[in-house]
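Notes follow once the structure below has been shown.
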Amino acid sequence: MDSKVTLSVIKADVGGLVGHSSIHQDLLEEAGNRLDGAKHQEKIIDYHVTACGDDLALIMTHRKGADNKEIHQFAWEVFEACAETAKNLGLYGAGQDLLSDAFSGTIRGMGPGLAEMEFEERESEPVLVFLADKTSAGAWNLPLYKAFADPFNTAGLIISPSLHDGFKFEVHDVKGHKKIVFDSPEEIYDLLVFIGAPSQYMVKAIYTKKDEIAAATSTERLSLTAGKYVGKDDPVYISRSQGAFPAVGELLEPFTRAQLVEGWMRGSHTGPLMPVAVREANPSRFDGPPRVICLGFQLTGGHLIGPRDMFDDPSFDLARQECNKLADHMRRHGPFEPHRLPMEEMEYTTMPQVMKRLEQRWKPL
Ligand code: F6R
Ligand code: MG
Ligand code: MG
């Protein structure tokens, strides 16, 4: 058996309570029962089920590696069962993110988002799982840059010999379907040329200079997969912590300053990403503002010891307050940019259908 452990976080919106604001307890229970069964059958080592807003997240450990067909198929079946529960309860958007009728070997490109990493477990292995709602997959670019490349955020980049060499950033161009790897700090200006445009370029993974996996994100863009607007990506990011990686507090620090992201109402607005405790991840004001939660675990022999609800801490109160102030300020713009997304991004919403009606009425200047 492979001595390495795999952490797989796979998430999908399979129905909301009420509207798109939160999740029904029965979905968490349905998923929990199925993951518990898989644990007893030794298909997985351990699991934790949670939700951020209307997105159900399956956090699983196993020894089968990333992109494992059996694990992906199992997750797909769990989502299908939960979608059925959601349908029976008449929940909103039941089965929304399950874009295909049948499983085809990988859950990639079928609607759900996923972040996976396989590694040799250290003597003590702290990991953080970040989950967001009402935003898109590029939302992690800024916090990842700050945590892994910015010495004003991460003291270890200066102070710790194990971080001083920096990291490698694997960046995906999700529209051009290509990838590139940048060395940090050597190439941070080149890196920022691209990741500063998070709707197209996304940090997919981060490695140490010795090629150890540090972090992985979901880069699935629902609209690009479905070819139309079906909801926002609501992405996930997982990171190892301490030792050769940023400390827990260095990974959390980027979320102390309100970051403007795309998403919010109808996936069409710019708004602040608010770090909250799990119990507060129920976006309701103008279907938002966008949320991020973070669960911390100690991974021990593949078992998930925890979780700790990392943003359940008064030291994030000011960040939340700043987000509320920014939310008010952005809302004042109503249907005007920069609150509403630029036209290029609106292509992936339902607005083009409205514009189509007026096509004939436009006359040449
Ligand atoms: C954003 C989101 C919601 C919906 C909105 C309209 O990611 O999910 O803001 O876009 O509530 O939903 P529908 O079109 O389902 O009525
Ligand atoms: Mg939804
Ligand atoms: Mg959602």
Distance in nm between label sites at Tyr189 and His40, each 7 Å beyond Cα in the beta-carbon direction? 6.1
Once amide hydrogens are built 1.01 Å from N within the peptide plane, the residues lying 5 or more places from Ala214 or on another chain with amide H under 5 Å from its amide H are Ile206, Tyr207, Thr208
Positive dipole terminus of the stretch 1-120, leading residue within Ser100, Ser8, Leu56 (C-beta point charges): Ser8
Spelling out what I want: for every residue of the stretch 329-343, take phi, set θ = phi - 60°, compute 6.51 cos²θ - 1.76 cosθ + 1.60 (Karplus), and round to whole Hz; glycine and proline get x. 5, 5, 4, 4, 6, x, x, 9, 5, x, 5, 6, 5, x, 3
For the stretch 58-164, count all C-alpha to C-alpha pairs, find those more than 25 Å apart, and express that count as a whole percent of the total. 41
Could you list Arg34, Arg291, Arg357 so that the one with the fewest beta carbons within 10 Å of its beta carbon is first and the one with the most is last? Arg357, Arg34, Arg291
Relative pair counts by distance (%), Cα atoms of the stretch 1-120, 10 Å bins: 15, 48, 30, 6, 1
To make sure I understand, if each residue's beta carbon is the centre and we count other beta carbons within 10 Å, what order do Phe148, Phe119, Phe167, Phe316 fall in, fewest to most? Phe119, Phe316, Phe167, Phe148
For the Gln321, Val18 Cβ pair and Förster radius 30 Å, calculated FRET efficiency rounded to 0.05 is 0.70
List Leu224, Leu326 from most exposed to least, where exposure is judged by having the fewest other Cβ atoms within 10 Å. Leu224, Leu326
Measuring from its Cα centre, the stretch 149-245 shows a charge dipole (+1 at each Lys and Arg Cβ, -1 at each Asp and Glu Cβ) which, in debye to the nearest 20, is 380
Applied in sequence order to the stretch 31-39, the curve 6.51 cos²θ - 1.76 cosθ + 1.60 (Karplus, θ = phi - 60°) yields integer Hz couplings, x standing for Gly and Pro, of 5, x, 4, 5, 5, 5, x, 5, 5
Report the per residue volume, in Å³, of the convex hull enclosing the C-alpha atoms of the stretch 151-283. 122
From the cross-link list Lys43/Lys134; Lys11/Lys204; Lys4/Lys175; Lys11/Lys232; Lys11/Lys134; Lys134/Lys204, which pairs have alpha carbons spaced over 21 Å apart? Lys43/Lys134; Lys4/Lys175
Residue-wise, which Karplus ³J(HN,Hα) couplings in Hz belong to the stretch 50-56, taking 6.51 cos²θ - 1.76 cosθ + 1.60, θ = phi - 60°, and x for glycine or proline? 8, 9, 10, x, 8, 9, 8
Here the convex hull volume per residue of the chain, taken over Cα atoms and given in Å³, is 150
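Go ahead and run the numbers for FRET between Asn88 and Ala226, Cβ-Cβ distance against an R0 of 30 Å, rounding to 0.05.
That gives a FRET efficiency of 0.80.
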Taking the Cα centre as origin and putting +1 on Lys and Arg beta-carbons and -1 on Asp and Glu beta-carbons, what dipole magnitude results for the stretch 1-143, to the nearest 20 debye? 180
Label-point separation (nm) for Thr350 and Ile305, each offset 7 Å from Cα along Cα-to-Cβ? 4.8
Distant-in-sequence amide H partners of Ala51 (H built 1.01 Å from N, under 5 Å): Ala57
Which translational diffusion coefficient, to the nearest whole µm²/s, is obtained for the stretch 208-365 from the Stokes-Einstein equation, given a Kirkwood hydrodynamic radius over C-alpha pairs, 10 °C and 1.306 mPa s? 88
For the pair Ser124 and Arg257, the simple spin-label estimate (label points 7 Å beyond Cα toward Cβ) gives in nm 3.1
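Bear in mind these aren't lab numbers, they're just calculated from the coordinates by the rules spelled out. Please read these numbers as outputs of a predicted model, since none were measured by experiment. No Cβ is skipped: glycine too gets one built from the backbone with ideal geometry, and neighbour counts run over all protein chains shown.
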